[in-house]
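The values are calculated or read from the model by the stated rules, or taken from the named source; none is laboratory data. Given the structure is predicted, the values throughout are model-derived calculations rather than measurements. Positions of Cβ are generated from backbone atoms using ideal geometry, with glycine treated the same way; all protein chains shown enter the neighbour counts. All accessible areas refer to the heavy atoms of the entire protein, side chains included, with ligands and DNA or RNA removed. Shrake-Rupley method; radii C 1.70, N 1.55, O 1.52, S 1.80 Å.
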Amino acid sequence: MTVSVPRQTDSPGEQPQPGEDRRHKIRRRALTLLIIVLLIGVPAGYLVISANQSRNSGKDKEEKYSATGLSEGWPSRVQRRIYQVPIPVPSYKVAYYETNNWRTSRLYVQFETTDENLDPFLKSMGVHRDGLKKDDITINARDQKITGWDFTGSGPWYGLVHKQKDPAPTKDVVVNLSDPEHPFVYVVSRTTP
């Protein structure tokens, strides 16, 4: 059994509302459609743009960290600080490569500098030029293979090892003085966490 509710009559002083005209109805629907598009479309567009930026960022990082061998350019300031490799300015032909594993992290750096900058560079690492030993190739064969360095060319070659207590990095340095005005420096800085 259904109960029906009696229809109420209009109030005696109230005028009946006229029906909505066609122009007003189209305007109301257009406004509703615009609001729906803005509420759904703007966030959806933002998500698409954000996803593309995130994906591109991941590709850039993947490319950077999948590189093998030396990359042309300067290591970041953070890398130079962590590995304590203060590359002097001006320096040329700068290249680097970083490896990390559970036991040891290494930063490989090469650069050409001026004779005036070699002493301050060595001093900033805590060593002096007189610590360089002639024909002492301190960078081992494994590290040479990773970077592609070949220390058999024209020299003279000088090397030193600057050992420090962990976690401070130990540095193997080789300097090529075939052009005494523009020494070429090779550094392997390794740290054990």
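Within segment 151-190, can you find the residues that are in contact with a Lys or Arg (Cβ under 9 Å, 6 or more places away or on another chain), among the hydrophobic types (A, V, I, L, M, F, W, C) and more than 14 Å from residue 113 (Cβ to Cβ)? Selection gives 157, 160, 161, 188. Once segment 105-128 is narrowed to residues that are more than 18 Å from residue 164 (Cα to Cα) and of a type outside the set (S, T, N, Q), the residue that is most open to solvent (accessible area, probe 1.4 Å) is 116.
Within segment 92-108, one or more residues are part of a loop (DSSP other than H, G, I, E, B) and of a type in the set (S, T, N, Q).
Taking strands (runs of 3 or more DSSP E) as the structural unit, those lying wholly within segment 127-193 and holding at least 1 residues that are farther than 23 Å from residue 69 by Cβ correspond to 157-162. Taking the numbered list (1) in contact with a Leu (Cβ under 8 Å, 6 or more places away or on another chain); (2) closer than 21 Å to residue 74 by Cα in turn, residue 170 passes all entries but (1). Once segment 154-174 is narrowed to residues that are open to solvent by 40 Å² or more (accessible area, probe 1.4 Å) and not hydroxyl-bearing (Ser, Thr, Tyr), the residue that is nearest to residue 130 (Cα to Cα) is 161.
Quick check on this structure: which one of 95, 141, 168, 67 is among the small types (Gly, Ala, Ser) and modelled with pLDDT of 90 or more?
Unique residue meeting the criteria: 95.
Within the option set 130, 172, 143, being touching a Phe, Trp or Tyr at 6+ places or on another chain (Cβ under 8 Å) and among the acidic types (Asp, Glu) holds for one residue only, 143.
All of (1) assigned to a helix (DSSP H, G or I); (2) modelled with pLDDT of 90 or more; (3) among the small types (Gly, Ala, Ser) hold for residue 54 with one exception: (2).
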